[in-house]
Amino acid sequence: MNGIVHMSDHEKYVASNKEAWNEAAPRHAAHNQAQLRERFAQAGYNCLADEVISMLERVNVTGKSVVQVACNNGKDLLSLKNMGAGRCLGIDQAEAFLEQARELAGIAGHGDEVSFTAADVYALPADLKGRFDILMTTIGVLGWMPDLDGFFSAVSDLIVPGGHWVMEEMHPVLMMYEPDDNGGPSGLVHSYFQTEPFVETSGLDYFGYEQYDSRPHYSFTHKMSDIMNAGIKVGLELEHMDEVGRNISNFCADLEHAEARPPMGLYMLWRKK
């Protein structure tokens, strides 16, 4: 033995994705941070989709404690806070995005009631377990998770019994498609049953679509049955589900106008037993 510690595939995926997202943060900020500053200076600003708002109203967020995992720049969590939630915590492993989130929280006047912490979702601080009435995840979280069962286990531990998880996601079927490099219609490319990760090094700018040499980032496909079974295993009950055929993620956006339109967005409301 030479004392060298070899990184597992799981650790490699998580660490490399963290670096790739930190690289992307200033590029995202260049596209939207100034606009978000203006919007969150307005009292009550809310950027959440109607389906998310409907689920949050269904569980009554007023005064409740909230955690958002993979919160990015905090705009969704701050929108939820503007709906009347109590203490809020945003968690993300990319510190560069959390800096943007803290700036927006100050502008929105929520600096004392909304906080942000950097953490690996698979290694969350133990003192966060069972502290939150509501968990929220928004577009594009599940696809970055190499271990779906482990993710569901980690985040469901954050919720109190009887609490809820409001989930907004890209639909698993959408991951079968790829945009056309020549500007044509997006097309079916991948198997729904793919198990190998997607590996890309062309950046994560899904606002300006700038191509740049980035750290490798790894994404994963999870079937609908994978999602359902992961919830069942950790004692979650599905109270509501909706599928939509409109663009919610800027990925293969043209498909919302296709004659044979696939499902593009997925909304789920889980309750912890």
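The values are calculated or read from the model by the stated rules, or taken from the named source; none is laboratory data. This is a predicted model, so every value here is computed, not measured. A quick note on method: Cβ atoms are made from the backbone with ideal geometry, for glycine too, and the neighbour counts reach across all protein chains shown. Protein only, heavy atoms only, side chains kept; ligands, DNA and RNA dropped before computing areas. Shrake-Rupley method; radii C 1.70, N 1.55, O 1.52, S 1.80 Å.
DSSP bridge analysis restricted to the chain gives an antiparallel fraction near 55%, rounded to the nearest 5. Per residue, the average separation of C-alpha pairs within less than 8 Å and at least 6 apart gives the chain a relative contact order of 19 percent.
Summarised as an ellipsoid, the stretch 29-87 has semi-axes of 21, 12, 11 Å, derived from the eigenvalues of the Cα gyration tensor scaled by 5 and square-rooted, with the largest first.
For the chain, the mean residue ellipticity at 222 nm estimated from helices alone is -9500 deg cm²/dmol, where every DSSP H run of n ≥ 4 contributes -39500 (n - 2.57) and the total is divided by all residues, rounded to the nearest 500.
For the chain, a crude dipole built from +1 on the beta carbon of Lys and Arg and -1 on the beta carbon of Asp and Glu, taken about the Cα centre, is about 920 debye to the nearest 20. Here the chain is treated as a sphere whose radius is the Kirkwood value from Cα pairs; by Stokes-Einstein at 25 °C and 0.890 mPa s it diffuses with a coefficient of 127 µm²/s.
Using DSSP loop states and a limit of at most 11 other Cβ atoms within 10 Å to flag chymotrypsin sites (Phe, Trp or Tyr not before Pro), what is the longest stretch of the chain containing no flagged site?
1-192
Across the options VAL199, LEU188, SER225, the greatest Cα extent toward the positive end of the charge dipole of the chain (unit charges at beta carbon of Lys, Arg, Asp, Glu) belongs to SER225. Where the accessible area of the chain is counted over protein heavy atoms with a 1.4 Å probe, how much of it, in %, is carbon and sulfur? The nonpolar share, carbon plus sulfur, comes to 49 percent. Cross-link check: pairs LYS18/LYS273; LYS64/LYS129; LYS81/LYS223; LYS12/LYS272; LYS129/LYS272 evaluated at a Cα-Cα cut-off of 25 Å; pairs beyond the cut-off: LYS18/LYS273; LYS81/LYS223; LYS12/LYS272.
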